[in-house]
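Step one of this worksheet: look at the structure below.
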Amino acid sequence: MKSDASGARRLRVRVLGSAAGGGLPQWNCRCRVCRLARTEPQRVVPRTQSSIAVSIDGERWALINCAPEVLHQLQREPALQPGRDDRHTPIQSILVTNGDVDHVAGLLSLRERSPFRLHATPEIHGVLRDNPIFNVLAPDCVERCDVALDSRIELLPGLAATVFAVPGKTALYLEGDQVDIGAEGESTVGIEFDVDGRRLYYIPGCATVTPRLAARLEGAAALLFDGTLWRDDEMVRAGVGQKTGRRMGHMSMSGVDGSMAALAEVGIKRRIFIHINNTNPVLIEDSAERREADSAGWEIAFDGMEITP
């Protein structure tokens, strides 16, 4: 079991993917950031869609979200590959934070009858049940476990997680005529890991930082937080879309209403942006936006990043 010098257990987090939906570069985009990712990868490192893997012993792992590129992500990580027998996987469970395509589509690639537990809120499980294509996850192999808000679940032996509501919105393909942006419920959740008093939070989607959320994050050892856009109208300015970040259920990084300002006075030891959109200039290593984020104490997640709070 992984431990520090004192013998205490340590949570190990591996970033499998750090980009928002579509990845970087996005297949049909020629914005400045995507162009640089194709032509100058030393300035803009390509990224796959966001998910993380967690473990406390380095042998048994859980995935938080399951990106469309999951097979590629697993091929890059020896610790997540079969280690014994002809059929084996270190992945024992998967927890999804919402029903977005970039967080559930990868489940379809894990259909080779290896057993694991699939954790989600009842609302998200309902979304998966309503789409028969997810029946490729055979029920005699994949146990679908409902997760109640503010409840602790055992993801792995000795590793518990708490699922809690954060302001967000329903997935794009589930939107109706009226969209309740910023609602708190089962459609968008954050994850809290607490291992021997060290708390790490994974919140890849968040519409706003409420006082209740800020209070929860106080004293955290690490936070991986929604970094979709640098500014609210970024995609409009880039000429690649008409929606603002707010309309998509994501708060911007910068500005007086941004996450850097909202969390500036919250006591968090390590701050990391994840789920970063392909248009976000913070992805450019030598950009003014990256320097501003650095100065504010924020790191920018990249595929393969390892975190041990």
On the accessible surface of the stretch 233-309, probed at 1.4 Å with all protein chains in place, carbon and sulfur together account for a percent value of 48
Log10 I(q)/I(0) at q = 0.10, 0.13, 0.17, 0.18 Å⁻¹ for the stretch 184-282, from Debye over equal alpha-carbon scatterers, is -0.27, -0.45, -0.73, -0.81
Counting only residues 5 or more apart in sequence or on a different chain, those whose built amide H sits under 5 Å from that of residue 119 are 94, 95, 96, 145
Measuring from its Cα centre, the chain shows a charge dipole (+1 at each Lys and Arg Cβ, -1 at each Asp and Glu Cβ) which, in debye to the nearest 20, is 600
So residue 32 and residue 174, fully extended at 0.36 nm per residue minus their Cα-Cα distance, gain in nm 48.1 nm
Neighbours of residue 300 by Cβ distance under 12 Å: Lys/Arg at +1, Asp/Glu at -1, summed charge -2
The relative contact order of the stretch 221-309, taking Cα pairs under 8 Å that sit 6 or more residues apart, comes to a percentage of 32
Under the 7 Å Cα-to-Cβ spin-label approximation, residue 285 and residue 87 lie apart by a distance in nanometres of 4.4
Note on the stretch 33-182: contact order normalised by length, alpha-carbon pairs under 8 Å, 6 or more apart, percent, works out to 18
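Using helices alone, I'd like the mean residue ellipticity at 222 nm for the chain: each DSSP H run of four-plus residues gives -39500 (n - 2.57), total over residue count, nearest 500. Show your work: numbers first, answer last.
Values: 8 runs with 51 residues, N = 309.
Result for the chain, helices only: -4000 deg cm²/dmol.
Which whole-number percentage describes the relative contact order of the chain, with Cα contacts under 8 Å and a sequence gap of 6 or more?
Relative CO of the chain lands at 19 percent.
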Sorted on mean Cβ neighbours within 10 Å (highest first), peptides 10-21, 55-66, 296-307 come out as 10-21, 55-66, 296-307
Reduced to Cα centres, the span from the stretch 67-102 to the stretch 214-254 in Å works out to 27
If every Lys and Arg gets +1 and every Asp and Glu gets -1 at its Cβ, then about the Cα centre the stretch 130-263 yields a dipole, in debye to the nearest 20, of 480
Out of 31, 206, 141, a Gaussian network model of the chain with alpha-carbon springs under 10 Å gives the largest mean-square fluctuation to 141
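What does the net charge come to around residue 144 if you take all other residues with beta carbon closer than 9 Å to its beta carbon, with K and R at +1 and D and E at -1? Don't skip to the end; give the middle numbers.
On the way: positive: 117, 129; negative: 143, 146.
Spelling it out: positives minus negatives among the neighbours equals 0.
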Given Cβ charges of +1 for Lys and Arg and -1 for Asp and Glu, the option among 280, 93, 66 whose Cα lies farthest towards the positive end of the dipole of the chain is 280
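The values are calculated or read from the model by the stated rules, or taken from the named source; none is laboratory data. Not measured: the values here are computed from a predicted model. Counting neighbours? That spans all protein chains shown, and the Cβs are built from the backbone with ideal geometry, glycine included. Areas reflect the complete protein model, heavy atoms only, side chains present, ligands, DNA and RNA absent. Shrake-Rupley method; radii C 1.70, N 1.55, O 1.52, S 1.80 Å.
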